[in-house]
Amino acid sequence: MPWPLLNAPFEGCWSIVEPGTSSRPHEHHEYEIWIAAKGEGEIEADGVRRPFKAGDVVHFTPHTEHFALNPKGADGNLEFYSIWWDTELAVAFLDQHQASAE
């Protein structure tokens, strides 16, 4: 993603965190949700750690530093889908949607 013909008010990606590793801490201007699909680990957001396992959904507001951790010795990968959006993506979606309806 992105694909030239995709018309959605969001973007997304699939993430895999192997045992004993973590994703890169980051923050950004977009809103974001993570949907855990497989495994167990933790997330850290603005210095607070919480469990994160398959079936969990977490929401990050803009400029919240966050990352995922999969502890050493874990049974397998922590896998989750990330979806993010902002005003610019929403406006582009609406503009393209309205233009195709005309």
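Given a 10 angstrom Cα cut-off, can you work out which residue in K53, K38, K72 is the most mobile in a GNM of the chain? In the Gaussian network model the winner is K72. When the inverse distances between all different Cα atoms of the range 1-83 are averaged and flipped, the Kirkwood radius reads 13.2 angstrom. What's the angle, to the nearest 10 degrees (0 to 90), between helix 87-101's Cα axis and the longest principal axis of the chain? The angle comes out near 40 degrees.
Keeping the other protein chains in place, figure out the carbon and sulfur percent of the accessible area of the chain, with a 1.4 Å probe. Write out the running numbers ahead of the final one.
Values: 3670 of 6630 Å².
Of all accessible area on the chain, carbon and sulfur atoms account for 55 percent.
The values are calculated or read from the model by the stated rules, or taken from the named source; none is laboratory data. Bear in mind that the values here come from a model prediction, so they are computed numbers and not experimental data. In case anyone asks, the SASA skips ligands and DNA or RNA and just uses the protein heavy atoms, side chains included. Shrake-Rupley method; radii C 1.70, N 1.55, O 1.52, S 1.80 Å.
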